[in-house]
Amino acid sequence: MRLIHLLMRRCLWIRLVSVRHQRRTIAARHAMTSELSALTHAFCSDPRHPQALRELAALGDVRRYRKGTILIHEADRGDILFIVMEGRVKVFSTDPSDREITFGVIGAGDYFGEMALDGGPRSASVITLEPTVCALINRTSLLAYIGREPSFALDILSKVIRRARTATNSARNLAFIDVYGRLTQLLYELAKPQDDGSAVIAERLTHQDIASRVGCSREMVSRVLKDLESGGYIELRERRIVLVRKLPARW
């Protein structure tokens, strides 16, 4: 009898723990849903973002992703357009040797995955650089929206043209400009002028980040940046690169 009593108490305790766990899980889900709803409302009400993206985001499935989450795998077939509502993602490609090249970084108020319109394979991979929230728009909803708002088709076309132009410029740079030239070009593109005459790169870029963007080895980037720092051309402040004076034309 005592054994039966102990077993009953054990079963009751397990059931109680299970119920508490379920309640905590449900509460966490409700909190997450409320948080995403508030974020979606804030994004859709923010006039700084294009109206079309705000309208589309309201139709999408809003999801939160951790840093380092792969959202798109290169060559996979997909039919989802991603609208970045919070955070940043990196668009990149790798070769069989795991060498990586970065095509760009996309932040809040922009979108990617427009190739979903033709249902073909993805042209690149996309990974989150920080905790990120995206609204996912499936191909059916996207085409229906374009049917109501044809002007958005022109926006997508312009986006594709700009990215094709960027890809062309990158290919030309790889063919005709040396590593130092590509690296300094990237630094100038990212740097924001300051009142004291310097220019600061807001992103905290690692040497590997820079190498992936300019198409060279991390070791090469480290050598060039070390020389530029020794020559007084750049400084590191709070892990950010600061251009102190005009970079030399040649390394």
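The values are calculated or read from the model by the stated rules, or taken from the named source; none is laboratory data. Remember, predicted model here, so these are calculated numbers, not experimental data. A quick note on method: Cβ atoms are made from the backbone with ideal geometry, for glycine too, and the neighbour counts reach across all protein chains shown.
Is region 56-70 home to any residue that is assigned to a helix (DSSP H, G or I) and modelled with pLDDT under 80? No, because not a single residue in region 56-70 is assigned to a helix (DSSP H, G or I) and modelled with pLDDT under 80. Only residues that are in contact (Cβ under 8 Å) with a residue 40 or more places away in the chain and in a strand (DSSP E or B): list them for region 81-102, please. 81, 82, 83, 84, 85, 86, 88, 89, 92, 100, 101, 102, listed by residue number. Among the residues here, residue 135 does not qualify as buried (at least 20 other Cβ atoms within 10 Å of the Cβ), assigned to a helix (DSSP H, G or I) and among the hydrophobic types (A, V, I, L, M, F, W, C). Only helices (runs of 4 or more DSSP H) whose full extent lies in region 140-251 are considered here, and the ones with at least 3 residues that are surrounded by fewer than 13 Cβ atoms within 10 Å (Cβ to Cβ), assigned by TED's automatic domain parsing to the domain that holds residue 109 and out of contact with any Phe, Trp or Tyr (no Cβ under 8 Å at 6 or more places or on another chain) are 151-176.
In the set (1) more than 20 Å from residue 92 (Cα to Cα); (2) small (Gly, Ala, Ser); (3) touching a residue at least 60 places away in the same chain (Cβ under 8 Å), residue 215 fails one condition alone, (1).
Of all residues in region 116-126, those satisfying the criterion of being out of contact with any helix residue (DSSP H, G or I) (no Cβ under 8 Å at 6 or more places or on another chain) and surrounded by 18 or more Cβ atoms within 10 Å (Cβ to Cβ) are 124, 125, 126.
For (1) more than 13 Å from residue 53 (Cα to Cα); (2) modelled with pLDDT under 90, each residue gets a yes or a no:
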residue: 121; (1), (2): yes, yes
residue: 131; (1), (2): yes, no
residue: 135; (1), (2): no, no
residue: 142; (1), (2): no, no
residue: 146; (1), (2): no, no
residue: 160; (1), (2): yes, yes
residue: 164; (1), (2): yes, yes
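The single condition from (1) on the phi > 0 side of the Ramachandran plot; (2) touching a strand residue (DSSP E or B) at 6+ places or on another chain (Cβ under 9 Å) that residue 98 fails is (2).
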